[in-house]
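Right, I'll just put the structure down here and ask away after.
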Amino acid sequence: MTHQEIADQIKGAKEKIFLIYAFNATGKTRLSVAYKDATKDKDGKHTGVYYNAFSEDIFVWDNDTANGEASIRLLVTESSLNRFHGDIKEPDVRKKLEPYKPKYDFFFNQYADPEKGIEYITFFIKGDEGKPIKISRGEERIFVWCFFLALFEAEGWADTHDQHFFIDDPVSSLDDHNIFITAATILDLIDAHFAKRKLIITTHHIGLFSILFDWLKKGEKAATYSKATKPLILSLNGDQLSLKSHEKEVFLYHLHLLQMLKEARASEIQAFHFALLRQVLENIASFLGVGRVGYVLEQLGFKSEERVQEIVNFLSHKNVYRYESAVVVPDNKKLFEEIFDGLMDKYKFVLHAPAAPTAATPAAPAS
């Protein structure tokens, strides 16, 4: 089938919601274009609104390299949407960004003619408005997505093109296949440049970390690279960063989460730690083959496990740590401690006591 045939099939189907999974490069963007063509009215006008790669392409960085990046900014190129820009303001986009907890702030620079919309967007660290910055690619994609979420609410666009939304990868990420390919290209770079320069690789993807760790520390080239490789874990607890050595044979996600929870248990428990605690409970339930968090709580001795699970689920829900204070009330703090201590006692996880890092080198976990 072609993209157009699939688009026609979706158009003619009676269902209202289509959740479609596809690997990157399958043609999801082409399908969105095909659907746009398939659903035009008899006058050739669009009947819905779209978010896809073309939406992201509207935003282009002006790095201002001629002036040492003094006025770096994100340009908004001309499109049919510019005339709707006047209906969205910075607070509208900030509201959409709240769940992502951005570290930056921004302001719009409008054209004098409202029909032209926004000329460019300036980003800055909160409290330092006078120094423009360039946000990361991931932050940029999230920002653009949130910009469109606000634009969807602009009068005259989504409310008039009201037949459908087509959302194509709003915050794109690599699938497992592409993670492996990316890891291979990084290893090629290490092979080519290892002898003459440092290579620093940072990633938020546990799979990429694990693949590279395995190749460099235990793979067929480990004799060359193992001693020269320093695996590290960078963590943020509140406003404090820590960089710790990771020399274990494998990087186990649930143990990393438990280490974070142990540190929170010893210092300050915040609302988001309940989200991490629930992930650990889910991982254990899956490992035990029951797929039910309540069963794990039963094994820990919680007789009213349903009520306890409700509290954990509520406290780990995004709206709680999005809108409410990060501070946990004493009763919930006590519940967190009881569940965590119960997990450690029941399943005998071996965690390392955190060592204080020095200014010169990251500290290794105590043995």
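Among 124, 164, 107, pick out the residue whose Cα is farthest towards the positive end of the charge dipole of region 59-197, where Lys and Arg carry +1 and Asp and Glu carry -1 on C-beta, about the Cα centre.
Of 124, 164, 107, it is 124.
A further question follows. Pop a pseudo-label 7 angstrom from the Cα along the beta-carbon direction at both residue 346 and residue 58 and give the gap in nm to one decimal.
5.0
For 215, 61, which order do you get if you count the other beta carbons within 10 Å of each Cβ and list the fewest first?
61, 215
So, in Å, what gap is there between the alpha-carbon centers of region 1-72 and region 110-124?
24
Quick one: 101, 230, fewest Cβ neighbours within 10 Å first, how do they rank?
Fewest-to-most Cβ neighbours within 10 Å comes out as 101, 230.
Grab the eigenvalues of the alpha-carbon gyration tensor for region 1-93, scale each by 5, take roots, and send me the semi-axes largest first in whole angstrom.
Here the semi-axes work out to 34, 18, 13 Å.
By count of other Cβ within 10 Å, fewest leading, how are 96, 14, 217 ordered?
Result, fewest neighbours first: 14, 217, 96.
Can you spot the lysines whose alpha carbon is less than 25 Å from residue 230's alpha carbon? Ignore those fewer than 8 places along the same chain.
Within reach: 196, 198, 217, 218, 221, 244, 248, 262.
Bear in mind that the values in this text are calculations on the coordinates, not laboratory data. As the structure is a prediction and not an experimental result, all values here were calculated from the model. Heads up, the Cβs are rebuilt from the backbone with ideal geometry, glycines too, and the neighbour counts pull from every protein chain shown.
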